[in-house]
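To start, the structure under review is shown below, and the notes come after it.
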Amino acid sequence: MKLNEKINADLKVAMKSGNKIRLQTLRSIRALILEFEKSGSKKKFDQNEEINLLSTAAKKRKESIEEYKKAGRDDLAFNEKKELEIIMSYLPKQLTEEEIISEVKKLAIVLGAKSKADFPKLMPAAIKELKGKADGKTIKTVVEKILSTN
């Protein structure tokens, strides 16, 4: 089932159940999908675009959580965490840090990346390989760690 169809089906369930946070989150995802479709770009809304859209929404929630915590607004941070959990349920299973390290090490071997100078070679490959499966900040940290130990 396509993301758009799944969101619409889940929206109906959320409306019937009265789950306001889920309903709000699903509506925001649906709005992002509609915005993409009506943007006029010639891009097709495929699985990669779905992952990009959901990853962007998740990243915004993570940033909001950090900002709300800094401001002492735990109530708003809590809502953002709930929204993040809902968004993450539509993304592929997230890798653990150990799995990310393993994948990046394999890529480093294949690409021959051994030092910090190879960061521009390894980082884009790691992002492409792990897109939707891991957070970009975590990938960057792992890449830097691996290149600094070699």
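The values are calculated or read from the model by the stated rules, or taken from the named source; none is laboratory data. Keep in mind that what you see is a predicted model, and the values were worked out from it rather than measured. All Cβ positions, even for glycine, are placed from backbone atoms using ideal geometry, and neighbour counts span all protein chains on display.
Just for segment 64-93: of the residues that are in contact (Cβ under 8 Å) with a residue 24 or more places away in the chain and of a type in the set (A, V, I, L, M, F, W, C), which one is nearest to L130 (Cα to Cα)?
Looking only at segment 64-93, we keep the residues that are in contact (Cβ under 8 Å) with a residue 24 or more places away in the chain, and these are 79, 82-84, 86-88, 90-93.
After this cut, where a residue has to be of a type in the set (A, V, I, L, M, F, W, C) as well, the list is 84, 86-88, 91.
Numbers: L84: 19, I86: 20, I87: 18, M88: 15, L91: 12 Å.
The residue in question is L91.
So is E103 in contact with a Phe, Trp or Tyr (Cβ under 8 Å, 6 or more places away or on another chain) and either on the phi > 0 side of the Ramachandran plot or outside the structural domain of Q47 (by TED's automatic domain parsing) (or both) or not? If you could, list the steps in order and put the result at the bottom.
On the way: in contact with a Phe, Trp or Tyr (Cβ under 8 Å, 6 or more places away or on another chain): no; either on the phi > 0 side of the Ramachandran plot or outside the structural domain of Q47 (by TED's automatic domain parsing) (or both): yes.
No.
Name every residue in segment 26-46 that is in a loop (DSSP other than H, G, I, E, B) and either polar (S, T, N, Q) or on the phi < 0 side of the Ramachandran plot (or both), in order of residue number. First the steps, then the outcome.
Step one: list which residues in segment 26-46 are in a loop (DSSP other than H, G, I, E, B), which gives 38-46.
K38, S39, S41, K42, K43, K44, F45, D46 - these are the residues of segment 26-46 that are in a loop (DSSP other than H, G, I, E, B) and either polar (S, T, N, Q) or on the phi < 0 side of the Ramachandran plot (or both).
Which residue is nearest to E83 (Cα to Cα), if the candidates are limited to segment 28-52 and must be among the basic types (K, R) and without any contact (Cβ under 8 Å) to a residue 12 or more places away in the chain? First the steps, then the outcome.
Start the filter on segment 28-52 by keeping residues that are among the basic types (K, R), which leaves 30, 38, 42-44.
Retained after the next criterion (residues that are without any contact (Cβ under 8 Å) to a residue 12 or more places away in the chain): 38, 42-44.
On the way: K38: 24, K42: 30, K43: 27, K44: 26 Å.
Only one residue tops the list, namely K38.
Out of E97, E63, E49, I need the residue that is surrounded by fewer than 18 Cβ atoms within 10 Å (Cβ to Cβ) and more than 30 Å from A9 (Cβ to Cβ). Which one?
Working: E63 fails: more than 30 Å from A9 (Cβ to Cβ); E49 fails: more than 30 Å from A9 (Cβ to Cβ).
Only one candidate passes the filter, namely E97.
Restricting attention to segment 7-17, does a residue exist that is within 19 Å of the chain's Cα centre (by Cα), part of a helix (DSSP H, G or I) and buried (at least 16 other Cβ atoms within 10 Å of the Cβ)?
Start the filter on segment 7-17 by keeping residues that are within 19 Å of the chain's Cα centre (by Cα), which leaves 7.
Next, only the ones that are part of a helix (DSSP H, G or I) stay: 7.
From the residues that got through so far, the ones that are buried (at least 16 other Cβ atoms within 10 Å of the Cβ) too are 7.
Within segment 7-17, one or more residues are within 19 Å of the chain's Cα centre (by Cα), part of a helix (DSSP H, G or I) and buried (at least 16 other Cβ atoms within 10 Å of the Cβ).
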